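Have a look at the structure below, then the notes.
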Amino acid sequence: MVNDSDDVSGKVAVITGASRGIGAGLAKRFAHRGMLIGICARTTPAAPQINPALSPPDRVVASSVDVQSYEALESFAAEVVERFGRIDLWVNNAGVLAPIGALRDCDPTLFATNVAINVTGVAFGSRIFARHVRSREGGGVLINVTSGAAEAPYEGWAAYCGSKAAVNMITEVVALEERDTGLEAYAVAPGVVDTGMQELIRSCTPEQFPAVGRFLQIAADGAFRSAEWIADRLLDLAFTGADPALRTAGTALRL
Ligand SMILES: NC(=O)c1ccc[n+]([C@@H]2O[C@H](COP(=O)([O-])OP(=O)(O)OC[C@H]3O[C@@H](n4cnc5c(N)ncnc54)[C@H](OP(=O)(O)O)[C@@H]3O)[C@@H](O)[C@H]2O)c1
């Protein structure tokens, strides 16, 4: 496990979907550990509120980016590289759950949007980072945030299960295609974190989402992961190697 004495200070990370939820938590912890961060979402993320001595505003690039736009994501990455010189770690975290409900009842437009964000957006980010790593020396780490739903079918989550399964396979392919550059690619399922996405799950009727009771129970038990804990595991995976089992578990990891 990473601790505050491990030196990740000065490393550069990009996090998509950092305006709230897990992404905002990762940004805060990465900044707290002295990293330089590029953060984006459709809503421009606020710079993490931490000790300004550790992470003054000039150590953060924050932009409004919809990951469905390749051009917007590419310009954002270029801005981060221009400011910090390189990107060491890229976390494709932006994701949506909707539409929820049996596939036969799903809004086709919402289904297509889910795939555009969760699959194409992740592929866009992976492409941009792979090209960046190929443009300079020294490898890099790509982390695509996935879910246990990539490997377990949940009634009512056809779009989410399907899109996260695609994330796992895209990650596996990228890991093979880019291994000659030293790029490592991982699809990481973070576990359950109490974010807006979990609130949306808990608001479902059993008709929409038959497994809703399981998530209500997790909330009743307070059995959530924290974004800070996840951030430290990701930094361990990317930089410190403190838990070698993580690196030898393949490209799809469950924290
Ligand atoms: N929470 C959990 O228990 C859990 C469990 C397993 C996996 N995950 C995964 O973890 C990731 C984060 O989930 P979360 O729970 O933190 O969700 P969340 O609270 O709903 O936050 C989602 C983030 O993604 C951004 N986003 C959504 N669509 C976007 C787009 N088109 N372009 C750019 N940014 C976009 C949102 O910002 P804007 O709306 O401002 O764009 C927001 O910052 C997701 O990939 C999710 O599937 C979560």
What's the ranking of 28-38, 61-71 by average number of surrounding C-beta atoms within 10 Å, highest first? 28-38, 61-71
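What does the convex hull of the Cα atoms of the range 145-195 come to per residue, in Å³, rounded to a whole number?
Numbers: hull volume 3.9 nm³, N = 51.
Expressed per residue, the convex hull around the Cα atoms of the range 145-195 is 77 Å³.
With the cut-off at 18 Å, report for the range 184-255 the share of all Cα pairs above it, as a whole percent.
Values: 1249 of 2556 pairs.
Every Cα pair in the range 184-255 considered, those over 18 Å come to 49 percent.
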Just the projected area, averaged over all directions, of the convex hull on the alpha carbon atoms of the range 71-137: how many nm²? 5.1 nm²
Take the alpha carbon gyration tensor of the range 143-244, find the square roots of its eigenvalues, order them as a ≥ b ≥ c, and report rounded if a/c is under 1.5; if not, report prolate when a/b exceeds b/c, else oblate. oblate
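For a footprinting-style exposure proxy, rank D180, D194 by other Cβ within 10 Å, fewest first. Numbers along the way, then the final one.
On the way: D180 8, D194 17.
Final ranking by Cβ density, sparse to dense: D180, D194.
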Suppose each label sits 7 Å from its Cα in the direction of the beta carbon; what would the A112-R136 distance come out to in nanometres? 3.8 nm
Tell me the net charge near L237. Cut-off is 11 Å between Cβ atoms, L237 excluded, with +1 for each Lys or Arg and -1 for each Asp or Glu. -2
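D for the chain, whole µm²/s, Stokes-Einstein with Kirkwood Rh over alpha-carbon pairs at 4 °C and 1.567 mPa s: what number? If you can, show how the numbers build up before the last one.
Numbers: Rh = 18.4 Å.
Roughly 70 µm²/s, to the nearest whole number.
Please rank E178, E137, E155, fewest neighbouring Cβ atoms within 10 Å first, as an exposure proxy.
E137, E155, E178
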At D58 and R202, where each label point lies 7 Å from the Cα along Cα→Cβ, what is the point-to-point distance in nanometres? 4.3 nm
If one takes the longest principal axis of the Cα atoms in the chain, at what angle in degrees, from 0 to 90 and to the nearest 10, does the Cα axis of helix 158-177 lie? 30 degrees
Once both label points are put 7 Å beyond Cα along the C-beta direction, the D105-R86 separation in nm becomes 5.2 nm
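For a protection proxy built on the mean count of beta-carbon atoms within 10 angstrom, sort 128-134, 138-144 highest first, please.
Working: 128-134: 19.1, 138-144: 20.9.
Output ranking for 128-134, 138-144: 138-144, 128-134.
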Extend 7 Å from the Cα of V173 along its Cα-to-C-beta direction; within the range 116-138, residues with backbone N under 12 Å of that point are 120, 123-124, 127
Using Cα atoms only, what is the angle between the long axis of helix 212-221 and the major principal axis of the chain, expressed in degrees (0 to 90) to the nearest 10? 60 degrees
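Each value in this text was obtained by applying a stated rule to the coordinates, not by laboratory testing. These numbers come from a predicted model, not from an experiment. Here Cβ is always computed from backbone atoms with ideal geometry, including for glycine, and neighbour counts include all displayed protein chains.
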